[in-house]
Amino acid sequence: MHPFSILTVAIFIAGYITARWDLVTRLYELAVFAWDHGVIVHFSCKCTMRTAKGFTILSTLFLILFLPIEKLASRETALHPRSTSAGISAREQLKRRGSF
């Protein structure tokens, strides 16, 4: 390999490792913060209701938002089906334009 290419690859790998390590340490700090502030609770505590309420509320909100969108997408898919035989491929389009 050319020396410049080796240097470029080395810098990329170093940056990638640094970014991954930073992500792992931030996730660890977030977990410690959540544990200290009672987001993650012991099952022996009476405060497990807080976690259960949060889970229930978030799940309900997700379902309220997700179900109508899924129904709308199903209806639109049924109204406007895509035919795989109609149309030409992207490769064919590029060939016709002379870009490929």
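Restricting the first member to segment 87-100 and to residues that are free of Cβ contacts under 8 Å to residues at least 24 places away in the same chain, and the second to residues that are outside any helix (DSSP H, G or I), the beta-carbon pairs closer than 8 Å and six or more apart or on different chains are 91/100; 94/100; 96/88.
The set of residues from segment 53-75 being loosely packed, with under 10 Cβ neighbours inside 10 Å and either farther than 30 Å from residue 38 by Cα or of a type in the set (Asp, Glu) (or both) comprises just one member, 69. Examine segment 81-88 for a residue that is at pLDDT below 85, assigned to a loop (DSSP other than H, G, I, E, B) and among the basic types (Lys, Arg), and state whether such a residue exists. Yes, there is a match, as at least one residue in segment 81-88 is at pLDDT below 85, assigned to a loop (DSSP other than H, G, I, E, B) and among the basic types (Lys, Arg).
Just one of (1) of a type in the set (D, E, K, R); (2) more than 30 Å from residue 38 (Cα to Cα); (3) surrounded by 10 or more Cβ atoms within 10 Å (Cβ to Cβ) fails for residue 50. It is (2).
The values are calculated or read from the model by the stated rules, or taken from the named source; none is laboratory data. What you are looking at is a predicted structure, and each value in this text was computed from that prediction instead of being measured. Cβ: placed from backbone, ideal geometry, glycine included. Neighbour counts: every protein chain shown.
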